[in-house]
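The values are calculated or read from the model by the stated rules, or taken from the named source; none is laboratory data. Quick caveat, the model's predicted, so the values are computed rather than measured. Neighbour counts run over all protein chains shown; Cβ positions are idealised from the backbone, glycine included. For the accessible areas, the whole protein counts, side chains as well, though only heavy atoms, and no ligand, DNA or RNA atoms are used. Shrake-Rupley method; radii C 1.70, N 1.55, O 1.52, S 1.80 Å.
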Amino acid sequence: MNKRLIASAFIIVAPAIATPASAGDAVYGKFPVTLKSWMGNETNSVAYTGQIARQVLHDSLKKLAGKGNGKPNAALQAEMMLYFEGKGKNRKILAPTSKGPFVIKQKTVGEISNPNLAGKTYKGTVSGMPNNMTGPELIKFWIGKAASANKGVDMANGYNYPQLISKFILGAVFYHQAVDNYLDEKMTAGNKPNNKPYKKGKHYTGKEHSWDEAFGYFGFPAHGLMLSPSQLYDIAKRKPTAVSIADANSDGKIDLYNEMVFGPAYYAAGSDKSKKTAYAKTIGKAFLDGRKLIASADGNALNSSQLGQIAQYARVIEENWEKTLAEATFKYAGSCFKDLQAIKANPSDAKVLAKYVKHWGELKGFSLAMQTGRKNLGDTATRLNRLIGFGPVMPNSSQVIDIDSGGNYVKDQASGINEYMGHMLKVQKLIVDKYGIKARKNDQLAGMSDMLKKLGSGSAAEND
Amino acid sequence: MPILDWINGEYIPHLLDGFLNPQKRVSLLYLSIAAALAIIWSVYVSRGSVRKGFLIARDKLFSQRVWFSHSARGDYKLLLANHALLLLIAPLLLSKLTATTALFFFFIDIFPSGAAVLSSTSPLLVAITYTIFLFLLDDFSRFATHFALHRVPALWAFHKIHHSAETLSPLTVYRTHPLEAVIFSFRAIVVQSSAISIFVFLFGSSVDLVSIYGVNAILFLFNVTGSNLRHSHIPIGYGRLAEHFLISPAQHQIHHSLDPNHYDRNFGAALAIWDWIAGSLCKSRTDMVLKFGLTDRENLQSQKLLHFYFSPFRELFDRGRNDPFYRNRNHRNLTKNAV
């Protein structure tokens, strides 16, 4: 009898005992200090504060980009530049901020770290916009325009600067740095070795910190693998119901460093909500598994087998991250198509036009973001850029085709809304053909599949 | 065993689906309605005598002579074997979605400013237009395909398998050579892909089908008004005027008739207007006595499955050897006086 009781109790209690252990395994939290030359007291080698500070700078810059009143505003422009390329520990966190019960722990960027965005922005030329601007040049150009636009939106030319700036940075800083830098050359044998500190005086190794930095750019909470896509999404939205989910250490505050969901992870979770994809989980798990592998080297240089495994994790991250950007591009091409339909039905509706301009900014930003990765997208990039254009086709069929030497937009008559709607569908098809994405929100071609289903398979063998 | 799994998991469910799904012509719903119509017709031609009417219906529709004839057994063999064969080759055929998408983007490329040009049209009007357009296109394509199957000697070699039926039952609809099934499948792809891509191109979004039980409403009406009786010995006619517009069961039985006057008549599926326009329309008469099958010269000697499958190829081979340039195109007696 006693044995039975003990056995029953064990069966009931065992999962409860096991849960914290397995939960701990799923957290990108504490990894031991393995650097053999380190003599300090640190017990945790994980650090990605600079990357989270950049996530905060991005969110704050986006907020500032929507503050203009339609007149040139040098002070606003300077403030935006402070968040883009300046430094300063006292820069206030403008977003994400506390919202009701969703209380954010930090008030200033400096409480996390003190980096800038410009230094880490994609330095290649952005062929999807005129004048061969580099990434930082394009963002500065947009910041200048945003400062003098009403709430950051230029309705005459069809530019929503907060969206353009934000979505481009999601690629040009976060995706670019992660996949084209930390997960690429810094994961090679001769670069940032695991038997040396990342920098002189640091308690973590080259490989440990490089991997952590890439993780920080994904904007995923340390306990993110224990959360569903909806929960991740709700945290990013700062919903009251998400407080207990986000607050992993139960201190009543959300620590932006390791409890918050930022842009890249938010968009991954957004696709995953469809249940057709698992980008956030796949990427998060590859990061965690990669970090475990590096820790298992115990401060020794990674051998070729370990480097091979790390490269595999890196490719999983890259491939899935690229797909999240492709999914977003696909989604907003569909949004623009629907907006244009609404505009055709009601050309004088200013709200519909504003929605179109917003969605186009997101489409353009994400399509440019896709082009800042490790791979040269080649023909795909050319086609994307041609289909989307330098600006949206407006209801009067005008479209920006260039920027003159004074920074003014040059417009011309495009062939019309109908043709541009066709371009949006071609963007969707191109993305599906090239990336095989699955979530496919706002799929404007899905209707054809549904129509075919309605007709049924019939029977080919029926004779008349 | 994989083959048993396949039979249980795919073959049998698909086979049963043919009799349960209202999208299929021989679904039990339509068969039941056809049987009821046959009984009503039989009572009617018996001048109201219910008993006599039932006897006629039993003799013409439910008798062993119809369902267990040599010919009917051939129908069943083809139904069962074709079903397996088509399930296996289906993945090799062009996907309808691929064709639809390709056509849609073809339209966008050649008429770039025409995309969604009618997107402001009322959804109800679009649905009605689409339903009618699809029905007309589908019916015309059936007529045209059927016409070709009779008039092109190489195709007739295959289609004559269907015409070799000497007794007709609703399941004769499946008395088809597999190569014909591939042709029918291609026809369906062309029709559905064209209709859908044109409508999505013009109206900018998916279009609703006016449907009943998930079936095109017009096709549903065609099926519930006795389409299954076209392959039966119940010669229901619609009257001389209506038979200019709709193919009655009796008109399709004329199509199967051995009478040389009836050769290559009534190719239509639901509508008779195509035959009317093409000059191949033949209206039914109440005093018709029809025999079905092929002439002695063409008759298939066997109801064996292998014979059904391979005899057309042998015929083509023989013909290719004797008449490689198809100089004699009168493969069948096309004129009334030819035999």
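Descriptive notes on the structure:
- Value of relative contact order over chain A, rounded to a whole percent, pairs C-alpha under 8 Å and six or more apart: 17 percent
- Per-peptide packing, taken as the mean over residues of other Cβ atoms within 10 Å, places A:391-402, B:123-134 in the sequence A:391-402, B:123-134 from highest down.
- Rolled with a 1.4 Å probe across the full set of protein chains, the surface gives A:Thr382 an accessible area near 60 Å².
- Per-residue ³J(HN,Hα) for the range B:242-254, Karplus 6.51 cos²θ - 1.76 cosθ + 1.60, θ = phi - 60°, Hz, x for Gly and Pro: 5, 6, 6, 10, 10, 7, 8, x, 5, 5, 6, 5, 4
- Extents of chain A, taken as max minus min of Cα coordinates on every principal axis and listed largest first, are 79, 75, 48 Å.
- Once C-alpha pairs closer than 8 Å and six or more residues apart are averaged by separation and normalised to the residue number of the range A:322-447, the relative contact order reads 36 percent.
- Positive dipole terminus of chain A, leading residue within A:Thr97, A:Gln444, A:Ala189 (C-beta point charges): A:Thr97
- Whichever aspartates and glutamates have a C-alpha closer than 12 Å to that of B:Lys52, once near sequence neighbours (fewer than 8 apart) are set aside: none
- Under the span-like rule (Cα at least 27 Å along the axis, Kyte-Doolittle mean at least 0.0), DSSP H helices of chain B: B:70-89, B:123-151, B:178-203
- Using only side-chain charges placed at the Cβ, +1 for Lys and Arg and -1 for Asp and Glu, the dipole size of chain B relative to its Cα centre rounds to 1120 debye.
- Dipole in debye (nearest 20) - the protein assembly as shown, about Cα centre, beta carbon charges: Lys, Arg +1; Asp, Glu -1: 840 debye
- Carbon-plus-sulfur accessible fraction, chain A (probe radius 1.4 Å, protein heavy atoms only): 52%.
- Residue (of A:Thr382, A:Phe366, A:Ser398) at the positive-pole extreme of the range A:322-447, dipole from beta-carbon charges: A:Phe366
- Cβ-based charge dipole, the range B:1-117, positive-most Cα from B:Phe107, B:Leu31, B:Gly53: B:Gly53
- For residues of B:52-64, the mean tally of beta carbons on other chains within 10 Å: 0
- Relative contact order computed over chain B (Cα-Cα under 8 Å; 6+ residues apart), in percent: 21 percent
- Normalised alpha carbon radius of gyration of chain B [divisor 2.2 N^0.38 Å]: 1.07
- Segments A:55-63, A:221-229 sorted - mean Cβ within 10 Å per residue, highest first: A:55-63, A:221-229
- Using alpha-carbon coordinates, inclination of helix A:74-84 to the longest axis of chain A, degrees: 40 degrees
- Estimated buried accessible area (total), pair A and B, 1.4 Å, Å² to nearest 100: 3300 Å²
- For residues of B:142-148, the mean tally of beta carbons on other chains within 10 Å: 1
- FRET efficiency estimate (nearest 0.05) - Cβ-Cβ, A:Lys99 to B:Phe313, R0 60 angstrom: 0.20
- Total lysine pairs under 21 Å (Cα atoms) in the range B:69-322, excluding pairs fewer than 8 apart on one chain: 5
- Accessible area of the protein assembly as shown divided out per residue, in Å², using a probe of 1.4 angstrom: 44 Å²
- The range A:322-336 - phi-based ³J(HN,Hα) in whole Hz, Karplus 6.51/-1.76/1.60, Gly and Pro as x: 4, 5, 5, 5, 5, 4, 5, 4, 4, 4, 6, 5, x, 4, 4
- Efficiency of FRET from Cβ geometry, A:Lys36 and A:Ser304, R₀ 25 Å, rounded to 0.05: 0.75
- Taking amide H as placed 1.01 Å from N in the peptide plane, A:Ser398 has its amide H under 5 Å from the amide H of A:Ala414, each at least 5 places away in sequence or on another chain.
- Per-residue HN-Hα couplings for the range A:160-168 [Karplus 6.51, -1.76, 1.60; θ = phi - 60°; Hz; x = Gly/Pro]: 9, 5, x, 5, 4, 4, 5, 5, 5
- Between B:Leu85 and A:Ala78, the distance separating the two model label sites (each 7 Å from Cα on the Cα→Cβ line) works out to 8.5 nm.
- Looking at the protein assembly as shown, the DSSP beta bridges with both ends there are about 95 percent antiparallel.
- Globularity index of the range B:189-290 is 1.30 (Cα radius of gyration / 2.2 N^0.38 Å, N = number of residues).
- The calculated FRET efficiency for B:Ser46 paired with B:Ser122, based on their beta-carbon distance and R0 = 41 Å, is about 0.25.
- Computed magnitude of the charge dipole of the range B:39-160 (debye, nearest 20; Cβ of K, R +1, Cβ of D, E -1): 940 debye
- Between helix A:2-25 and chain A there is an angle of about 50 degrees, using the helix long axis and the longest principal axis of the Cα atoms.
- Of the residues B:Leu281, B:Leu149, the one with the largest accessible area comes first in the ranking B:Leu281, B:Leu149, computed with a 1.4 Å probe on protein heavy atoms.
- Shown here: the range A:322-447, whose C-alpha atoms stretch 41, 38, 21 Å along the first, second and third principal axes, sorted largest to smallest.
- Low-density loop cleavage sites - trypsin sites (Lys or Arg not before Pro) in the range A:204-286, where at most 15 other Cβ are within 10 Å (DSSP): A:Lys237, A:Lys275, A:Lys276
- Other protein chain Cβ atoms within 10 Å, averaged over every residue that makes up B:19-29: 2
- Approximating the spin labels as points 7 Å out from Cα along Cα→Cβ, the B:Ser95-to-B:Thr295 distance works out to 4.8 nm.
- Estimated distance in nm for a label pair at A:Thr43 and B:Ile212, the labels positioned 7 Å out from Cα along Cα-to-Cβ: 7.7 nm
- Inverting the pair-averaged 1/r between distinct Cα atoms of the protein assembly as shown gives 31.7 Å as its Kirkwood hydrodynamic radius.
- Between the C-alpha center of the range B:172-217 and that of the range A:197-270 there is a gap of 50 Å.
- Distance violations [Cα-Cα > 29 Å] among A:Lys99/A:Lys292; A:Lys105/A:Lys331; A:Lys285/A:Lys358; A:Lys151/A:Lys438; A:Lys71/A:Lys364: A:Lys99/A:Lys292; A:Lys105/A:Lys331; A:Lys285/A:Lys358; A:Lys151/A:Lys438
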